[in-house]
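The values are calculated or read from the model by the stated rules, or taken from the named source; none is laboratory data. Quick caveat, the model's predicted, so the values are computed rather than measured. Backbone-built Cβ (ideal geometry, glycine too); neighbour counts: all protein chains shown.
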């Protein structure tokens, strides 16, 4: 699990297009992914991508039945 100094970005996706971005100050990738999941679940979008600087951290998607 990578450590960071914060600066994570959560990109909300509609298909392959970024429609919004949220910046979060997390200390670990795991924290950023938990925050991204909360953002995803409270959004109308089907997926989010999490980045730390130029490093991809992960992609989270809602199950097909929730999209």
For the range 57-67, give me each residue that is surrounded by 13 or more Cβ atoms within 10 Å (Cβ to Cβ) and over 11 Å from the mean Cα position of the chain (by Cα).
62
Could you list, in sequence order, all residues of the range 1-13 that are assigned to a strand (DSSP E or B) and either surrounded by 13 or more Cβ atoms within 10 Å (Cβ to Cβ) or modelled with pLDDT of 95 or more (or both)?
8, 9, 10, 11, 12, 13
The range 38-64 residues that are on the phi > 0 side of the Ramachandran plot, paired with ones that are surrounded by fewer than 15 Cβ atoms within 10 Å (Cβ to Cβ) and outside any strand (DSSP E or B) (beta carbon under 9 Å, 6 or more apart):
53/7
Among residues of the range 47-61, those that are touching a strand residue (DSSP E or B) at 6+ places or on another chain (Cβ under 8 Å) and modelled with pLDDT under 95, counted
0
One residue is enough: does the range 29-44 have a residue meeting the conditions assigned to a loop (DSSP other than H, G, I, E, B), loosely packed, with under 12 Cβ neighbours inside 10 Å, modelled with pLDDT of 95 or more and within 13 Å of the chain's Cα centre (by Cα)?
yes
Residues located in the range 45-56, provided they are closer than 11 Å to residue 11 by Cβ and surrounded by 12 or more Cβ atoms within 10 Å (Cβ to Cβ):
45, 47, 48, 49, 50, 51
Scanning the range 18-28 for residues that are part of a strand (DSSP E or B) and either in contact with a helix residue (DSSP H, G or I) (Cβ under 9 Å, 6 or more places away or on another chain) or at pLDDT below 95 (or both) gives 22, 24
